[in-house]
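The values are calculated or read from the model by the stated rules, or taken from the named source; none is laboratory data. This structure is a prediction, so every number in the text was calculated from the model and none was measured. Cβ: placed from backbone, ideal geometry, glycine included. Neighbour counts: every protein chain shown. Accessible surface is based on the protein model in full, side chains and every heavy atom, while ligands, DNA and RNA are left aside. Shrake-Rupley method; radii C 1.70, N 1.55, O 1.52, S 1.80 Å.
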Amino acid sequence: MSLPPVTPNLTSERLLGIRRGIEKESLRALPDGMLALTPHPVALGSALTHPHITTDYSESQLELITGVHSGVQACLDELTEVHQYTCRSLNDAGEEMLWVSSMPCSLPTDETIPLGRYGSSNIGRAKSVYRMGLGHRYGRRMQTISGIHYNWSLPGVDNEGYFALIRNFRRHAFLLLYLFGASPAVCGSFVEGRAHELQTLAGKTLYMPHGTSLRMGRLGYQSEAQASLAVSYNSLEGYAASLHDALTRPWPAYEALGVLNPGGDYIQLATSLLQIENEFYGTIRPKRTIFQGERPLHALRERGVEYVEVRLMDLDPFEPVGIRAQTLRFLDVFLLHCLTSASPPDTPQEITELAHNQHLTAARGREPGLQLMRGGRAVALRDWGLELVRACEPIARALDAAHGSSDYSAAVAAARGALDDPSRLPSARVLAAMAAEHDNSFLRFVRARSQQTRQDLLARPWTPQQQVKYELMARQSVEAQRAIEAADTMPFEIFRQQYVSAARLGLSARAASQAVAA
């Protein structure tokens, strides 16, 4: 049974204070479904300084970013506008398109996948060296997976409240993987030379028959080194101490690599278990806006949690911008439920169960009768999911009352319907469309969806004023990058040493070790 709510004071005024933003990754692909190996398009400005258009791991992997919004539709409208400009710029330059699946297009050899490039400044070089390190540590193919991050905050929530939310989110994340996972299949080039549990569907297409999100399963962001981390989310202090330890603890395999290769080129930022905070994988992160040059961990310790970043959402290939309003509204309800439900401390045993549930749901989530683990006992995914959905219904009604709509209740009703009928799920729809229209070929399906999305976005209204606005942003971003480069005087090695220094993490090493021990 669900525990009683602990923070029920969800007034309309407070609910209308929810703020959200989206970061959406997409590979640039060629019409034949191969990865585009061209540099970041000039028309998109500087990937280092543009406020809305940058790159993620690869030069070929765009990241489109909204500002902070009070409304779901306003957030999606801005994401759509950024997509429109991006697609128009790609169209003007050639035939490249945005790949609409979380799992990548046809990939070249690992070393051929281009790393993101950010110019000659120290911070720009550091970003590229960090990516070089990720490639050495995990392989470049793994980094080409794309997803959507949802940044979310509610007024009046303190550090304790956000960490309670995070603990419950991790407990219940299986439901989001089930409902919104959209990556049950993959091109064989992604796993070439790797052990895997996938089955062959047709040709080069591999899949899991009942899979939901291969991106969030064992094929995704996995790391033997990070598996050694027992990160607790019971408090900001404990979480920060865990990260501090990972950022300063030497890791033998990475020490063997070194920071420089024999030719004197930088191959990673540091030899610690994590180079920087962003290397730590997770389904959700506590976040704080950082000052220029500040380390994220320092910002969290100094000023506390400002918002959470939901990181497990797949791209929906049936939606032009990868996600729809109904999904965002369910996320709002789900996050509020996580915040307002009793959230006991996590334990090492529970953390092990959560990893088991995540991998099982990712690989077999639509399997009839699938059992997850909760408190040492087996429970049917469907039963647990329906229990959560029922608990979300009063929150949806409160949001609808605040907004004068029925949209939030409709989002929860759709989730209930998908638990009763898995054929409605994006993962099931992907496999059905592949079978019906594309001879069970992952590449043919996503290529067709990507081309359709490109045509859809190009056909939408676009004003001269919008074009001028985005061209100006691109020019200003290039000027900002040049200014950063012109202001640099410090040798890169000194910059690197200072940037990865434990002294910049906001707490002395001795205090951090004491917090870990505690």
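Side notes on the structure shown:
- Residues located in the range 12-21, provided they are over 14 Å from residue 335 (Cβ atoms) and open to solvent by less than 60 Å² (accessible area, probe 1.4 Å): 12
- Matching strands (runs of 3 or more DSSP E) fully within the range 1-108 where at least 2 residues are among the small types (Gly, Ala, Ser): 19-29
- Restricted to the range 227-269, and to residues there that are in contact with a Leu (Cβ under 7 Å, 6 or more places away or on another chain) and aromatic (Phe, Trp, Tyr), the residue that is farthest from residue 135 (Cα to Cα) is 251.
- Among residues of the range 196-210 that are under 13 Å from residue 431 (Cα atoms), those with a Cβ under 6 angstrom from a residue that is open to solvent by 80 Å² or more (accessible area, probe 1.4 Å) and of a type in the set (D, E, K, R), sequence gap 6+ or separate chain, pair up as 210/364.
- Filter pass, residue 468 being among the hydrophobic types (A, V, I, L, M, F, W, C), closer than 23 Å to residue 84 by Cβ and out of contact with any helix residue (DSSP H, G or I) (no Cβ under 9 Å at 6 or more places or on another chain): yes
- Of the strands (runs of 3 or more DSSP E) entirely within the range 174-249, those holding at least 2 residues that are surrounded by fewer than 19 Cβ atoms within 10 Å (Cβ to Cβ) occupy 199-202.
- Checking each residue in the range 24-39 for being over 15 Å from residue 87 (Cβ atoms), in contact with a strand residue (DSSP E or B) (Cβ under 9 Å, 6 or more places away or on another chain) and of a type outside the set (A, V, I, L, M) picks out 25, 32, 33, 38.
- Taking (1) open to solvent by 10 Å² or more (accessible area, probe 1.4 Å); (2) in contact with a helix residue (DSSP H, G or I) (Cβ under 7 Å, 6 or more places away or on another chain); (3) aliphatic (A, V, I, L, M) in turn, residue 342 satisfies each apart from (2).
- On the stretch given as the range 355-390, residues that are open to solvent by 20 Å² or more (accessible area, probe 1.4 Å) and within 22 Å of the chain's Cα centre (by Cα) total 6.
- Residue count for the range 109-131, restricted to those that are open to solvent by less than 50 Å² (accessible area, probe 1.4 Å) and either within 14 Å of residue 61 (Cα to Cα) or under 20 Å from the mean Cα position of the chain (by Cα) (or both): 8.
- Residues in the range 391-447 that are surrounded by fewer than 24 Cβ atoms within 10 Å (Cβ to Cβ) and charged (D, E, K, R): 393, 397, 400, 407, 416, 420, 421, 424, 429, 437, 439, 444.
- Where strands (runs of 3 or more DSSP E) fall wholly inside the range 267-376, the ranges with 3 or more residues that are closer than 22 Å to residue 226 by Cα are 284-287, 307-313.
- Single residue of 327, 340 found to be more than 23 Å from the chain's Cα centre (by Cα), under 19 Å from residue 176 (Cα atoms) and among the hydroxyl-bearing types (Ser, Thr, Tyr): 340
- Among the residues of the range 56-76, those identified as farther than 30 Å from residue 16 by Cα, open to solvent by less than 20 Å² (accessible area, probe 1.4 Å) and either in contact with a strand residue (DSSP E or B) (Cβ under 6 Å, 6 or more places away or on another chain) or free of Cβ contacts under 8 Å to residues at least 40 places away in the same chain (or both) are 60, 61, 62.
- Given (1) farther than 23 Å from residue 381 by Cα; (2) buried (at least 22 other Cβ atoms within 10 Å of the Cβ), number of the condition residue 139 does not satisfy: (2)
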